[in-house]
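Participant: This is the structure, below, for whatever I ask next.
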Amino acid sequence: YEIIKLFNVIKQIKTTQNLSDNQLEDLNTILNKRPIFLEFEIKRDNLIEETFNLISRGDVRKKLHYPLRIRFVGEEAEDQGGVKKEFFMIIKRGLFDANYGMFTYNEKTRLFWFNINNFEETIKYELIGIIVGLALYNQVILDINFPHAIYKKLLGINPTLEDLKQYDP
């Protein structure tokens, strides 16, 4: 579907920009190459751990800038964007669930914070960051609410006590 849209755009450009047939042929050659994707074939019942294992691999880390395609094992759905969104929604729900233990949620402020009683390796937080970045890179918005203190840290700005109060007054 995306290729068809792209071909139509190219035809429009050829018409409006008076491209020669040789210039159009160069564009057709580029478009006929198979698009490169980062493809995850993953089981729903072990989604978080399988995703962690996949993105921990060096060969996958080198391809994180490729467009992502998801295929759930045993399902026929082809990823045209919906499966990818579903993947990120499921993984977000699991990672930020209190039972998983990585984050806590403050009902009053409706914000997440790191669970100080968590004994997981810090690499898991890095992998969560990669998953969130992968979602953003693939135009999937995740509803994850953190206090300003976290965003300041990400920007290299020292958070203040007031920033921390935002999570828990």
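The values are calculated or read from the model by the stated rules, or taken from the named source; none is laboratory data. Remember, it's a predicted structure, so these values are computed and weren't measured experimentally. Reconstructed Cβ throughout: ideal geometry from the backbone, glycine too, with neighbour counts over all protein chains shown. SASA here: full protein model, heavy atoms, side chains in, ligands and nucleic acids out. Shrake-Rupley method; radii C 1.70, N 1.55, O 1.52, S 1.80 Å.
Participant: For region 122-167, what % of the accessible area comes from carbon and sulfur atoms, probe 1.4 Å?
Facilitator: In region 122-167, the share of accessible area belonging to carbon and sulfur is 63 percent.
Participant: Say R0 is 41 Å: what FRET efficiency, to the nearest 0.05, do ASN53 and LYS108 get from their beta-carbon distance?
Facilitator: E(calc), rounded to 0.05, equals 0.70.
Participant: Simple spin-label model, 7 Å along Cα-to-Cβ: ASN46 to LEU161 in nm?
Facilitator: Label-label distance for ASN46 and LEU161, simple model: 4.8 nm.
Participant: Sticking with this one: Quick one: length gained pulling ASN99 to LYS62 fully straight, 0.36 nm per residue minus the C-alpha distance?
Facilitator: 10.1 nm
Participant: Could you list, in their original order, any pairs among LYS43/LYS152; LYS43/LYS124; LYS84/LYS153 whose Cα atoms are separated by more than 27 Å?
Facilitator: Pairs exceeding 27 Å: LYS43/LYS152; LYS84/LYS153.
Participant: Just grab the label-to-label distance for ASN117 and LYS153, each label 7 Å out from Cα along the Cβ direction, in nm (one decimal).
Facilitator: 2.0 nm
Participant: Using a 7 Å offset from the Cα along the Cα-to-Cβ direction at both GLU39 and VAL73, what is the distance between the two label points in nm, to one decimal?
Facilitator: Between GLU39 and VAL73, the simple spin-label model gives 1.6 nm.
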